[in-house]
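Bear in mind that the values in this text are calculations on the coordinates, not laboratory data. Please read these numbers as outputs of a predicted model, since none were measured by experiment. Here the Cβ positions follow ideal geometry from the backbone for every residue, glycine too, while neighbour counts run over all protein chains shown.
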Amino acid sequence: MGLQGEIVEYLKANGACLCGFAGLGPTGGGFASWPRAVSFAVPLAPGVVAEILRGPTPEYLAEYRRANALIDRLAAGVSALLSGRGFRAFAVSATTSEYDADTLSSGFSHKTAATLAGLGWIGRCALLVTREFGSAVRLGTVVTDAELPDGKPVTESMCGDCTRCVEACPGGAPSGREWKQGLPRDAFFDAHACRDAARRLSAERLGEAMSVCGICISVCRFTQRYVEGAR
């Protein structure tokens, strides 16, 4: 089977829906010393995603947390598998408090790793979009020095002329400009406007001081195809 096959089999058997491998190089940000990444996605429950067209629900918050916890377990498992084979490996947390409060960015982007691994592209709302699940996924990454085959990077948006997320965003965060590899997030998306709107919705609908929304996930035409297919 080989190491690549073992990783894929482990991830798919334990809840991941997509996985791939990517060379990082200088795109690795704070993990640039690691040459390669294992990128994977965990799907969000379609029934829960279908109910967040107007904002977050308690069920969505619970699903969000469930997916993050699963990602951390899967990443730890992949890291242990690689370490057992004599390679260095580090599981990047699904969520982190270590981010720049001014730029609202962290030293490592799960989305960048996912595009390099060929899992999907970045949509107008700065979320990863996949053909199979839309944006209804949470991402995990394990960086390593293992010799694994690189996937074919996705370098351009496949959203076409769709602007559903732009029109639905309660904060007006997306400019409408399409992403392409190398384009800085701030050139097409206002992360501060997104955070402020998400905080407002979280307070109104969840009674919690946090930044959870999900509207752009639910309105994506690829997400809706996933949701409809699960019914």
GNM on the chain, Cα springs under 10 Å; top mean-square fluctuation among F21, F108, F133 goes to F108
Which residues qualify? For G151, with a placed amide H closer than 5 Å and at least 5 residues away or on another chain, they are F21, A22, G23
Taking Cα pairs closer than 8 Å and at least 6 residues apart, the relative contact order of the stretch 140-197 in percent is 30
Output for the stretch 1-89: trypsin sites (Lys or Arg not before Pro) sitting in coil per DSSP, at most 16 other Cβ within 10 Å, listed by number, reads R54, R85, R88
Hull surface over four for the Cα convex hull of the stretch 160-220, reported in nm², is 4.3
Once the in-chain neighbours fewer than 8 apart are removed, the lysines whose Cα is under 18 Å from K111 read K152, K180
Computed ³J(HN,Hα) along the stretch 59-75: with the Karplus parameters 6.51/-1.76/1.60, θ = phi - 60°, integer Hz and x for glycine or proline, the list is 5, 5, 4, 5, 5, 4, 5, 4, 5, 4, 5, 5, 4, 5, 5, 5, 5
Under a Gaussian network model of the chain whose springs join Cα atoms within less than 10 Å, the largest fluctuation of D196, D186, D161 belongs to D161
Scalar couplings 3J(HN,Hα) for the stretch 157-174 by Karplus 6.51 cos²θ - 1.76 cosθ + 1.60 (θ = phi - 60°), nearest whole Hz, x for Gly and Pro, are 5, 10, 6, x, 8, 5, 10, 4, 5, 5, 6, 8, 4, x, x, x, 6, x
Mean shadow area (nm²) of the C-alpha convex hull around the stretch 2-229 is 11.5
The chain: relative contact order from alpha carbon pairs under 8 Å, six or more residues apart, as a whole percent, is 25
Taking the chain and counting helices only, DSSP H stretches of n ≥ 4 at -39,500 (n - 2.57) each over all residues, the nearest-500 ellipticity at 222 nm comes to -11000 deg cm²/dmol
Among P46, P153, P184, the residue with the largest mean-square fluctuation in a Gaussian network model of the chain built from Cα contacts under 10 Å is P184
Interchain or sequence-distant (5+) residues whose placed amide H lies within less than 5 Å of the amide H of R36 are L24, T144
